[in-house]
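K.L.:
Pasting a structure here, questions to come.
The values are calculated or read from the model by the stated rules, or taken from the named source; none is laboratory data. Small disclaimer: the values here were computed from a predicted structure and weren't measured. So basically every Cβ, Gly included, is an ideal-geometry build from the backbone, and we count neighbours across all protein chains shown.
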């Protein structure tokens with residue numbers, strides 16, 4: 001078997017830079033994508049025998065550009081295509097292109113491409129789908145599988161997104177400093193959404209959706225390569241790595257979710273944790289804290305605890321307090337309360353979340369956490385009401401199973417243990 | 001004579017390897033490493049984490065400065081390295097600063113290690 005996996009890896013890693021440069025050249029997303037596609041096809045045909053060019057991205061940009069120009073010409077007057085030996089011999093052109101693609105230039109090119117796909121005018125589901133299709137180069141069937149929708153539906157979603165940004169005016173000049181940081185923030189937000197889309201998946205979907213986490217990490221790494229001294233981007237990548245490191249420990253063999261305190265920490269991925277911790281340390285050296293840094297610091301404290309009981313909950317509660325100041329939200333307060341319950345006991349935590357009842361009434365975790373606090377306070381009757389409410393709001397069978405376990409414990413302490421059957425899983 | 005073999009590659013490409021591909025490469029390398037280890041010829045083996053996790057201490061100025069990212073100058077050359085077991089980046093930087101005090105000039109790149117085998121043969 002001839003091994004062409006190396007070509008796929010080279011094409012995948014070059015893709016964002018290639019599509020970005022072609023987008024600047026053609027100022028048209030469809031044309032850029034088609035040209036990139038054509039260049040990749042030629043690479044797959046030529047590289048196995050000729051070997052890879054010195055600068056794969058430059059080669060693909062040149063070939064993509066020429067192929068598109070040839071296609072236009074062919075349409076106009078059926079000119080013969082230059083044969084492939086001529087196209088592949090690009091050494092002179094290559095160096096000229098590389099010079100034009102100086103660091104600052106291609107940095108803004110890729111940021112523009114990412115920003116176009118993460119355009120604030122698009123709904124989140126379209127942003128994510130478009131980024132996966134255009135920047136990551138995943139196929140429509142792959143993306144459809146990850147989102148658990150049909151290929152036709154995904155095709156339509158991507159077409160709609162493209163049409164929509166066709167109308168949105170994204171300027172092609174180099175952005176100013178303020179605009180650049182706005183774009184970085186918008187892209188970072190979408191990458192974290194993409195990550196969470198994969199992370200919150202249920203175990204049965206994990207295989208198909210793990211790719212979302214991996215792509216989010218890869219794109220965050222790309223963004224950090226472009227902007228290596230942005231502490232929030234360092235922290236965003238750290239946050240994803242530290243969370244993804246727990247992937248293998250998050251579900252048991254039966255597909256039930258295993259909560260953080262019960263996870264087998266020897267299953268955590270030490271390599272990802274090491275990289276995440278180094279990035280958190282780097283980010284905090286800048287002394288410009290931001291929401292991703294706080295969240296990454298919280299994830300780091302969990303990662304640093306060899307046993308669940310070693311977790312520094314007091315520090316985590318303080319960090320959630322800081323996050324609450326930066327991004328006030330009832331969900332953040334709920335998380336702070338969970339940390340407070342571990343550090344100072346359930347009474348203080350319960351007092352913190354009671355005012356949130358109105359805002360979080362439809363939220364699974366609110367009732368789950370409230371039930372757990374009440375259970376600890378030995379208010380069994382109220383705990384049961386809260387758990388019943390939580391189970392009705394569970395988003396996945398695993399969440400429901402977790403609450404059922406608590407209910408069983410409640411029932412167990414008062415007599416009969418009722419083990420219920422897992423509900424049928426919706427496809 | 002001991003030889004250091006320094007591994008260079010395009011990090012973006014290696015990061016784009018699928019997990020299966022990465023595992024397969026590591027497994028093939030392990031076979032070669034084991035053969036050398038059995039002959040008692042293999043020393044420590046380390047795989048470094050990506051350069052995005054690196055920090056550089058530039059000690060060609062006084063006081064030295066710390067910058068994000070890998071060492072990027074081309075007019076200087078790799079002359080040696082340490083493996084230091086640190087609690088966190090600050091501790092590693094403190095050790096690097098100590099070294100810098102007695103040996104100014106050039107830079108130290110501080111990069112977390114992802115995989116470390118001490119090269120001793122399993123009994």
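K.L.:
Away from chain A (no Cβ under 14 Å) and either surrounded by 10 or more Cβ atoms within 10 Å (Cβ to Cβ) or in contact with a strand residue (DSSP E or B) (Cβ under 9 Å, 6 or more places away or on another chain) (or both): does that describe residue B:104?
P.N.:
yes
K.L.:
Would you mind listing the helices (runs of 4 or more DSSP H) fully within the range A:215-328 where at least 1 residues are within 14 Å of another protein chain (Cβ to nearest Cβ) and touching a residue at least 40 places away in the same chain (Cβ under 8 Å)? Steps first, answer last, please.
P.N.:
Working: elements: A:231-244, A:270-285, A:291-304, A:313-326.
Output list reads A:231-244, A:270-285, A:291-304.
K.L.:
OK, next. Does the range A:344-352 contain at least one residue that is over 20 Å from the mean Cα position of the chain (by Cα) and closer than 30 Å to residue B:65 by Cβ?
P.N.:
So far as the range A:344-352 goes, no, none of its residues is over 20 Å from the mean Cα position of the chain (by Cα) and closer than 30 Å to residue B:65 by Cβ.
K.L.:
Ok, one more. Quick check on the range A:329-341. Is at least one of its residues at pLDDT below 95 and not in a helix (DSSP H, G or I)?
P.N.:
yes
K.L.:
Do we have any residue at all in the range B:20-30 that's in contact with a helix residue (DSSP H, G or I) (Cβ under 6 Å, 6 or more places away or on another chain), within 14 Å of chain A (Cβ to nearest Cβ), farther than 22 Å from residue A:5 by Cβ and surrounded by 15 or more Cβ atoms within 10 Å (Cβ to Cβ)?
P.N.:
no
K.L.:
Return only the number of the condition from (1) out of contact with any helix residue (DSSP H, G or I) (no Cβ under 7 Å at 6 or more places or on another chain); (2) modelled with pLDDT under 95; (3) under 25 Å from residue A:256 (Cβ atoms) that residue A:422 does not satisfy.
P.N.:
Unmet for residue A:422, out of (1) out of contact with any helix residue (DSSP H, G or I) (no Cβ under 7 Å at 6 or more places or on another chain); (2) modelled with pLDDT under 95; (3) under 25 Å from residue A:256 (Cβ atoms): (1).
K.L.:
Are any of the residues in the range B:88-96 within 17 Å of the chain's Cα centre (by Cα), farther than 30 Å from residue A:218 by Cβ and surrounded by 14 or more Cβ atoms within 10 Å (Cβ to Cβ)?
P.N.:
Looking through the range B:88-96, at least one residue is within 17 Å of the chain's Cα centre (by Cα), farther than 30 Å from residue A:218 by Cβ and surrounded by 14 or more Cβ atoms within 10 Å (Cβ to Cβ).
K.L.:
With touching a residue at least 24 places away in the same chain (Cβ under 8 Å) and under 25 Å from residue A:220 (Cβ atoms) as the only criterion, which of B:20, B:11, B:62 stands out?
P.N.:
When all the criteria are applied, what remains is B:11.
K.L.:
Conditions first: (1) under 13 Å from the mean Cα position of the chain (by Cα); (2) within 11 Å of chain A (Cβ to nearest Cβ); (3) surrounded by fewer than 13 Cβ atoms within 10 Å (Cβ to Cβ). Residue B:49 passes all but one, so which condition is the exception?
P.N.:
Exception for residue B:49: condition (3).
K.L.:
State which residue is nearest to residue A:279 (Cα to Cα) when the search covers only the range B:107-123 and only residues that are more than 10 Å from every other protein chain (Cβ to nearest Cβ) and in a loop (DSSP other than H, G, I, E, B).
P.N.:
Ranking the candidates gives B:118 first.
K.L.:
May I ask you to list the residues in the range A:1-34 that are more than 14 Å from every other protein chain (Cβ to nearest Cβ), within 22 Å of residue B:10 (Cα to Cα) and surrounded by fewer than 24 Cβ atoms within 10 Å (Cβ to Cβ)?
P.N.:
A:2
K.L.:
If we keep just the residues of the range B:57-93 that are within 22 Å of residue A:226 (Cβ to Cβ) and part of a loop (DSSP other than H, G, I, E, B), which is nearest to the other protein chains (Cβ to nearest Cβ)?
P.N.:
Ranking the qualifying residues of the range B:57-93, first place goes to B:69.
K.L.:
For residue B:40, indicate whether it is touching a residue at least 60 places away in the same chain (Cβ under 8 Å), exposed (fewer than 11 other Cβ atoms within 10 Å of the Cβ), away from chain A (no Cβ under 14 Å) and more than 17 Å from the chain's Cα centre (by Cα).
P.N.:
yes
K.L.:
Please pick out the residue among A:411, A:392, A:398 that is in a helix (DSSP H, G or I), at pLDDT 90 or above and in contact with a helix residue (DSSP H, G or I) (Cβ under 9 Å, 6 or more places away or on another chain).
P.N.:
Exactly one of A:411, A:392, A:398 is in a helix (DSSP H, G or I), at pLDDT 90 or above and in contact with a helix residue (DSSP H, G or I) (Cβ under 9 Å, 6 or more places away or on another chain), namely A:392.
K.L.:
Take residue A:210 and tell me if it is assigned to a helix (DSSP H, G or I) and either crowded, with 22+ Cβ neighbours inside 10 Å or away from chain B (no Cβ under 13 Å) (or both).
P.N.:
No: the conditions fail for residue A:210.
K.L.:
If you check residue A:46 against the conditions, is it touching a residue at least 24 places away in the same chain (Cβ under 8 Å), part of a helix (DSSP H, G or I) and within 25 Å of residue A:166 (Cα to Cα)?
P.N.:
On the way: touching a residue at least 24 places away in the same chain (Cβ under 8 Å): yes; part of a helix (DSSP H, G or I): yes; within 25 Å of residue A:166 (Cα to Cα): no.
No.
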